[in-house]
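Please read the structure below before turning to the comments.
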Amino acid sequence: MLTFDFVGPQPTRPAAVAGTWYPERPADLVQAIDGYFARVDTTLPGEIVGLVAPHAGLVYSGPVAAHAYRQLSGRSYDVIVLVGPSHYAGFDGVAVYARGAFETPLGRIPIAEDIASAIVRDVEVARDLAGPHGREHSLEMQLPFLQSVLPGTPIVPMLMGRQTPAVMAALGDGLAPVLAGRRALAVASSDLSHYHDARTAARLDRVVIEAIARFDPEGLAQALELFPEHACGGGPMVAVMRVARALGARSARVLCYADSGDVSGDKDAVVGYAAAVLGTFDEPPAPPEAPS
């Protein structure tokens with residue numbers, strides 16, 4: 001039986017939710033991802049250094065996530081830093097999976113071990129801790145999209161434990177000097193409000209969407225401190241916005257908002273999803289597609 005809670009050589013972390021949260025057969029997974037990309041007709045000029053994408057079951061969140069990942073087509077990066085919430089393990093700080101690889105039905109994705117080691121060494125809140133990654137879905141749900149648009153690009157997977165304002169700021173600010181001088185992409189994995197009726201969810205989700213559109217990580221952190229239920233991955237969003245800003249991003253674009261009821265038909269208890277990118281864009285911002 002594989003274990004993930006030691007420091008030292010680590011095995012490939014196998015897919016934990018393939019066959020349940022997304023298709024296990026590679027051909028079916030590729031068909032689903034390609035189908036979601038085919039529905040996206042907007043591509044942004046300019047540089048992208050960060051993005052926000054949801055992590056629910058693929059049939060629910062995939063059509064939204066595709067709006068962000070479609071923007072990466074034709075681009076290249078040295079490393080992708082993924083930050084998501086820990087749903088199953090509680091701990092302080094940030095758990096870095098520092099060696100080995102992650103696996104999906106589309107193959108293995110290597111860990112950028114030199115960068116992961118530098119993060120553990122130089123970022124105060126980062127810990128070499130593989131255990132929380134074992135069954136966590138928040139990062140795994142991003143990987144098939146990355147394998148489709150940025151195949152072979154190494155990753156640094158990180159899970160945020162207790163999402164305190166201090167951890168959000170320390171991670172975002174601490175990552176910047178490690179990633180400076182590299183072509184780096186920072187990805188925040190987060191769903192929005194959970195299990196409210198669609199009208200209430202839209203009101204709660206608007207707070208997050210407007211903070212992203214303003215490119216205002218401090219404002220988002222304040223909103224989350226008052227009402228953490230705005231987003232399960234609010235801390236990762238704040239951290240990624242901070243590091244993206246330090247790496248040169250000047251603005252954000254919210255590309256899509258939806259809720260689970262758009263797929264299930266049940267609008268009485270929905271989960272909200274948003275896709276956004278952070279960078280330098282040539283076009284003036286359009287009003288965000290925020291819920292009403």
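The table below gives the values:
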| read-out | value |
| --- | --- |
| Residue within region 243-251 that is open to solvent by 10 Å² or more (accessible area, probe 1.4 Å), of a type in the set (Lys, Arg) and not in a strand (DSSP E or B) present | yes |
| Cβ-Cβ under 9 Å pairs, at least 6 apart or on other chains, region 263-278 side of a type in the set (D, E, K, R), far side assigned to a strand (DSSP E or B) and surrounded by 24 or more Cβ atoms within 10 Å (Cβ to Cβ) | Lys267/Asp259 |
| Pair list, Cβ < 6 Å and 6+ apart or interchain, from region 57-82 residues that are part of a loop (DSSP other than H, G, I, E, B) and of a type in the set (D, E, K, R) to residues that are open to solvent by 10 Å² or more (accessible area, probe 1.4 Å) and at pLDDT 95 or above | Asp78/Arg182; Asp78/Arg183 |
| Set Asp282, Asp262: member being in contact with a strand residue (DSSP E or B) (Cβ under 6 Å, 6 or more places away or on another chain) and modelled with pLDDT under 95 | Asp282 |
| Residue tally, condition within 18 Å of the chain's Cα centre (by Cα), open to solvent by 20 Å² or more (accessible area, probe 1.4 Å) and within 25 Å of Ser117 (Cβ to Cβ), over region 171-219 | 2 |
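For every residue, the table says whether it meets (1) modelled with pLDDT of 95 or more; (2) within 26 Å of Ala27 (Cα to Cα); (3) out of contact with any Ser or Thr (no Cβ under 6 Å at 6 or more places or on another chain); (4) outside any loop (DSSP other than H, G, I, E, B).
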position: Phe91; (1), (2), (3), (4): no, no, yes, no
position: Ile119; (1), (2), (3), (4): yes, no, yes, yes
position: Gln142; (1), (2), (3), (4): yes, yes, no, yes
position: Leu146; (1), (2), (3), (4): yes, yes, yes, yes
position: Val167; (1), (2), (3), (4): yes, no, yes, yes
position: Gly174; (1), (2), (3), (4): yes, no, yes, yes
position: Val178; (1), (2), (3), (4): yes, no, yes, yes
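The values are calculated or read from the model by the stated rules, or taken from the named source; none is laboratory data. The structure displayed is predicted, hence computed values, not measured ones. Positions of Cβ are generated from backbone atoms using ideal geometry, with glycine treated the same way; all protein chains shown enter the neighbour counts. Heavy atoms of the whole protein, side chains included, go into the accessibility calculation; ligands, DNA and RNA do not. Shrake-Rupley method; radii C 1.70, N 1.55, O 1.52, S 1.80 Å.
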